[in-house]
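The values are calculated or read from the model by the stated rules, or taken from the named source; none is laboratory data. Quick caveat: nothing in here was measured; it's all calculated off a predicted structure. As a convention, Cβ positions derive from the backbone with ideal geometry for all residues, glycine included, and neighbour counts pool all protein chains shown. The area values use the complete protein model at the heavy-atom level, side chains included, leaving out ligands, DNA and RNA. Shrake-Rupley method; radii C 1.70, N 1.55, O 1.52, S 1.80 Å.
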Amino acid sequence: MTEWVAPIPAPDLAVAAALAFRSWFGVGPDGVWSAPGRVNLIGEHVDYAGGLSLPIALPHRTAVAVRGRADGVLRVRSGADRWDGTVAEVAPGAPGGWAGYLAGVAWAMRREGLLPDDFGADVTVVSAVPIGAGLSSSAALECALAIAVADLVGLTTDDTGRARLAGCCVAAENEIVGAPTGGLDQAIALRATAGHALLVDSGDGSVAPVPVDLEAEGLAVLVIDTRAPHRLVDGQYAERRRSVEASAERLGVPSLRAADASDVARLADRTLRRRAGHVVTEIARVRGTVALMASGRVAEIGPLLTASHVSLRDDFEVSCTELDSAVDAALAAGALGARMTGGGFGGSAIALVEESAIGRVAAAVASAAATRGLVTPGFLLAGAGGGPAHRIG
Ligand code: ADP
Ligand code: MG
């Protein structure tokens, strides 16, 4: 049996969030806004090297129902959880946990001078994005609130305005929650174009939509949430980041974006050579993927996805048993390409599959996990690329 995680259609999500709002607060919200989760097609562990990534917005979204208030009070609700406070009292680590993602957005927008001093809000959350699966439920949550607040106070929400909001969401996650996130997730959640993947350039912060019409090609991106138990990997992320920065320093370049394979070969340290080698080859694979997609040859990107996995597994060393099992089983069952996606050490993998093979590939991945005694994975389908954060009700 394969377990599918379905998206919630926008009208249902809007009704669910508004109903939750009414039952918590006794009145209706001013409106409901949503933002998408995302899956990164390719371009992993290159953001902090000024590199290129190619995420796609999922049809799975997080909605917030919001009612503005003019007394600086924040009341946020998700499921049975609640936090009450004021925007003025938000600080690093306070509130801790999930409420920090929401309170942090209001805090960061106020620091940027985007909100009146007395800004407050009541907020309820309803989400179809799997949490902690590497599909960016955290950015979906932040960005849904950011666009809601922007609309409520009348900020411009053109791409420049959205880029600024994305910066506030990154600040919320880095400074209030204390999670090291590079900005990729917030860029796609706020700046996606429907029907497109988004080429995110972490070197200069620019984005460019890349058309992706998988359905027209009879293809789908199967997302495999391994549900791997959380591991203590904080130190690993920092270590990889240090290696990448140290490599750039030894090569005398501002970031590895400016390096090529011959530069990498000059690194004396074998570990640095492998880490930097991943970054340089991964950026090249992103360029190759974009070139194929831009010329309508998306069916041919499979080998680039698989090469990305091999590089992340063997040279960057951020994969794990669950991810390798999912990738190997998907490829053996006929996927055109497969790779881990996200930071690694758990989370999700993707497989590019022909539509007719979706069920077979998913069954093979689930069966491989069962055979190895791994936790049962969940499956999602990434469609043609969802739209960015916007008002839905
Ligand atoms: P990911 O972004 O890959 O899902 P993170 O660890 O970055 O994983 O973010 C997950 C955290 O975001 C959760 O532990 C929770 O604190 C917060 N979060 C995400 N979605 C929700 C939600 N619907 N309700 C409350 N908190 C949420
Ligand atoms: Mg996250």
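If I ask for residues that are out of contact with any helix residue (DSSP H, G or I) (no Cβ under 8 Å at 6 or more places or on another chain) and either farther than 20 Å from Ala197 by Cβ or open to solvent by 60 Å² or more (accessible area, probe 1.4 Å) (or both), which ones from the stretch 292-309 would you list? If the condition is that a residue be out of contact with any helix residue (DSSP H, G or I) (no Cβ under 8 Å at 6 or more places or on another chain) and either farther than 20 Å from Ala197 by Cβ or open to solvent by 60 Å² or more (accessible area, probe 1.4 Å) (or both), then Ala294, Ser295, Arg297, Pro303 are the ones that fit.
For every residue, the table says whether it meets (1) within 16 Å of ligand 2 (Cβ to nearest atom); (2) over 14 Å from Gly383 (Cβ atoms); (3) in a loop (DSSP other than H, G, I, E, B).
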position: Gly182; (1), (2), (3): yes, yes, yes
position: Asp185; (1), (2), (3): yes, yes, no
position: Leu198; (1), (2), (3): no, yes, no
position: Gly205; (1), (2), (3): no, yes, yes
position: Val221; (1), (2), (3): no, no, no
position: Ile224; (1), (2), (3): no, yes, no
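Taken together, the criteria place Gly97 among residues that are free of Cβ contacts under 8 Å to residues at least 24 places away in the same chain, at positive phi and either within 16 Å of ligand 1 (Cβ to nearest atom) or assigned by TED's automatic domain parsing to the domain that holds Ala228 (or both).
Asp213 falls short on exactly one of the conditions (1) open to solvent by 40 Å² or more (accessible area, probe 1.4 Å); (2) assigned to a strand (DSSP E or B), and that condition is (2). Screening Ser243 on (1) out of contact with any Lys or Arg (no Cβ under 7 Å at 6 or more places or on another chain); (2) open to solvent by less than 40 Å² (accessible area, probe 1.4 Å) shows it passes everything except condition (1). Considered as a group, the residues in the stretch 86-145 that are closer than 21 Å to Thr157 by Cβ, touching a strand residue (DSSP E or B) at 6+ places or on another chain (Cβ under 8 Å) and part of a loop (DSSP other than H, G, I, E, B) include one that is farthest from ligand 2 (Cβ to nearest atom), and that residue is Phe119. Picking from residues in the stretch 15-29 that are hydrophobic (A, V, I, L, M, F, W, C) and touching a Lys or Arg at 6+ places or on another chain (Cβ under 9 Å), the one that is surrounded by the fewest Cβ atoms within 10 Å (Cβ to Cβ) is Val27.
The single residue among Gly161, Gly183 that is farther than 29 Å from Arg22 by Cβ and at pLDDT below 95 turns out to be Gly183. Considering the stretch 40-80, the residues that are assigned to a strand (DSSP E or B) and charged (D, E, K, R) include one that is least open to solvent (accessible area, probe 1.4 Å), namely Arg77. Per the listing Leu312, Leu323, the residue uniquely open to solvent by less than 30 Å² (accessible area, probe 1.4 Å) and within 22 Å of Gly203 (Cα to Cα) is Leu312.
Scanning the stretch 167-196 for residues that are within 30 Å of Ser295 (Cα to Cα) and touching a helix residue (DSSP H, G or I) at 6+ places or on another chain (Cβ under 7 Å) turns up Gly182, Gly183, Leu184, Asp185, Gln186, Ala187, Ala189, Leu190, Arg191.
A search for C-beta distances below 7 Å between a residue of the stretch 164-191 that is assigned by TED's automatic domain parsing to the domain that holds Leu135 and within 17 Å of Pro209 (Cα to Cα) and any residue that is of a type in the set (Lys, Arg) and crowded, with 24+ Cβ neighbours inside 10 Å, counting only pairs 6+ apart in sequence or on different chains, returns Asp185/Arg38; Ile188/Arg38; Ala189/Arg38; Leu190/Arg162; Arg191/Arg162.
You will find that of Val32, Val126, the residue that is within 15 Å of ligand 1 (Cβ to nearest atom), in contact (Cβ under 8 Å) with a residue 40 or more places away in the chain, open to solvent by less than 20 Å² (accessible area, probe 1.4 Å) and not assigned by TED's automatic domain parsing to the domain that holds Val286 is Val32 and no other.
Here Gly134 meets the list (1) more than 13 Å from the chain's Cα centre (by Cα); (2) small (Gly, Ala, Ser); (3) at pLDDT below 95 almost entirely, failing just condition (1).
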